[in-house]
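Report on one structure; see the data block that follows.
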Amino acid sequence: MTAIVETKNVSKRFGDFRALDDVSVAVREGEFVSIVGPNGAGKTTLVNLLTGLLIPSNGQVFFKGTDIAGIGAVALAKRGMARTFQLVQIFPQLTVAETIAAAVVSQQDKAWRLFSKLASDGAVRARVREIAGIFGLDGRLKSESRLLSQGEKKLLDVASAFALNPEVILLDEPTSGVSTAEKHGLVQILIDAAKKAGVKAIILIEHDMDLVAAYSHRIIALSEGKVLADLPPKPFFADPVIIETVIGRRRST
Amino acid sequence: MRGATAMIVAAGVVALGLVPVLAPPFYANLLIPFFGYAIALLGFNLLFGYTGLLSFGHAMFLGLGAYGAAVMAGENGIKSFEVVLLGVALAGALVALPIGLLCVRFIGIFFGMLTLAFGMLTHAILFKFYHLTGGDSGMRVPRMNILGLEFQAYNKIELLAGPFYYYCLGLLVLCGLVMWRIVHSPFGLHLRALSNNAQKAEYLGVRVYQFRLAAFVISAIYGAIGGAILGFRIGLADPEIVHWTHSGHLVFMTVLGGFSSFLGPIAGALALTLLQDQLQSITPYWRFILGAVLAAVVIFLPRGLAGIAGTGAALAKRRAAA
């Protein structure tokens, strides 16, 4: 199957420090791929390259066959890639409906309509309700985002990214700050939402190996800026060297 | 427009409409600058309250409106105030575009300082280029026709306190309605989003830089229209209109009225116009008292006069519900 997101021999240096070194990875349509690695392995740099925020020192980054090096967040969103952040990112003074609407407006290319009344736009309203419904936020549409619980803020953060109708979604530690009991529920919501929204591929950056093992089709492990492993979960977790490097101990079963 | 806001606006328009009928011409004349400031602040608050960019040089656009009126009407004999308004609005946009291209690359204190620098530069140009601008004497802004009518039977005071007063009131309502549509449009939502969290907004497809620039240009257009009204009233455009303290005056009005509300800056413009007039008639130390008022507002009423109204309305609602 064709790769939808791909890096070819990508390296990234910050001064003398080599954050990524000759990394070639690919994510294909229909895949759920996790990127794991200890702190400092280069995960954030890879995410920033994949989302067009950084320009690689060497190599190329492709999204749907075109080079997206440094194209920036807005262009990337327009081309069909959305991302969420490790730390919850919301618009504190906007309501839930307005937050989702901000993405819907971008997706429906209505942002330059200076004089049209947003509240009367049926297409935007319907899409906002649909997205809110998927994430269980339909009862909170009029609440200001800052007043939501931490879990709801997380859902809203992800919901607004889904509202872009992306083909690929990159989730940067979506369960950080979420209790262990709620983590699986949250990831399940994300996967269901992705299916409903027609998302073609999910890239997950995650520290929680139980989640990674449970949902990934493939796991890419980074270590010291290099690809340590690119394997399906079974062989991945069967390799003691990989486990030792990535999490520093054997994974308990 | 939401019910409560619409009622406040209707009551305000009726009350303002009665001023020339019920009060001596002095008061109607006093309120002309209020209209100029209120229109300018509608734009200023699109930039500050909605987009999160606090300009300390915004008086340059008021100056552009006043000097634009002087050049168009005084130097080139254009008699129609509507043509002058269109001209200064266009000039405001054209001047704001290159300045904004540079300034909106920055946010926070850096944006504030850059706009302050452009404001001071404008002041220096107007002050020093005597042969073009009249230096500290300024340029005369002659009387113009409004809606094609000369009002020859009226002297200047009668014109200002009568037809021109209502003209400005109508213009404020019109500019207010246009701004209301802007802030409640998809564009307005994106401005608020980028003001809340620019990084998140970018990943949701918000064109942060372009939208900041657009808000800057729109605010300049409103500033120029407000400045033309100030120039018409005094009959003069002089460098003091772009002095940095005048930019501070705009910030003062906005903070006093409350920048988190649509009507707040208009309330601030009205309150400061009346307060300044009263204080000037009481004491030569009026600036000292205004400074104390500003300090008190920032400390005790961070949401300004609109905040008091909002709290009052919420209390009344709660009492009615109980």
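The values are calculated or read from the model by the stated rules, or taken from the named source; none is laboratory data. Values in this document were obtained by computation on a predicted structure and should not be read as measured data. Virtual Cβ from ideal backbone geometry, glycine too; neighbours counted across all protein chains shown.
Some observations on this one:
- A:Ala103 falls short on exactly one of the conditions (1) surrounded by fewer than 23 Cβ atoms within 10 Å (Cβ to Cβ); (2) touching a Ser or Thr at 6+ places or on another chain (Cβ under 6 Å); (3) facing chain B (nearest Cβ under 7 Å), and that condition is (1).
- From A:Glu206, A:Glu173, residue being of a type in the set (D, E, K, R) and crowded, with 20+ Cβ neighbours inside 10 Å: A:Glu206
- Only one of the numbered conditions (1) surrounded by 21 or more Cβ atoms within 10 Å (Cβ to Cβ); (2) in contact (Cβ under 8 Å) with a residue 40 or more places away in the chain; (3) away from every other protein chain (no Cβ under 14 Å) is not met by A:Leu190, and that is (2).
- Exactly one residue out of A:Val178, A:Val212, A:Val227, A:Val187 is modelled with pLDDT of 90 or more and within 20 Å of A:Thr84 (Cα to Cα): that is A:Val212.
- Within segment A:56-68, tally of residues that are surrounded by fewer than 16 Cβ atoms within 10 Å (Cβ to Cβ) and assigned to a loop (DSSP other than H, G, I, E, B): 2
- Segment A:156-187: number of residues that are in contact with a Gly (Cβ under 7 Å, 6 or more places away or on another chain), of a type in the set (A, V, I, L, M, F, W, C) and in contact (Cβ under 8 Å) with a residue 40 or more places away in the chain: 2
- The set of residues from segment A:81-96 being more than 9 Å from chain B (Cβ to nearest Cβ) and surrounded by fewer than 24 Cβ atoms within 10 Å (Cβ to Cβ) comprises A:Gln86, A:Leu87, A:Val88, A:Thr95.
- Some residue of segment B:14-32 being under 30 Å from B:Ser137 (Cβ atoms) and either within 13 Å of the chain's Cα centre (by Cα) or among the charged types (D, E, K, R) (or both): yes
- Of B:Gly162, B:Gly188, B:Gly112, B:Gly176, all but one fail to be in contact (Cβ under 8 Å) with a residue 40 or more places away in the chain and buried (at least 22 other Cβ atoms within 10 Å of the Cβ); the exception is B:Gly188.
- Selection status of A:Lys110, assigned to a loop (DSSP other than H, G, I, E, B), within 13 Å of chain B (Cβ to nearest Cβ), surrounded by fewer than 22 Cβ atoms within 10 Å (Cβ to Cβ) and of a type outside the set (A, V, I, L, M): yes
- Every condition in (1) under 16 Å from the mean Cα position of the chain (by Cα); (2) outside the structural domain of A:Glu224 (by TED's automatic domain parsing) holds for A:Gln93 except the one numbered (1).
- Some residue of segment A:69-79 being at pLDDT 95 or above and surrounded by fewer than 15 Cβ atoms within 10 Å (Cβ to Cβ): no
- Listed by position, the helices (runs of 4 or more DSSP H) inside segment A:152-253 whose residues that are under 13 Å from the mean Cα position of the chain (by Cα) and either on the phi < 0 side of the Ramachandran plot or assigned by TED's automatic domain parsing to the domain that holds A:Val5 (or both) number at least 3 are A:180-197.
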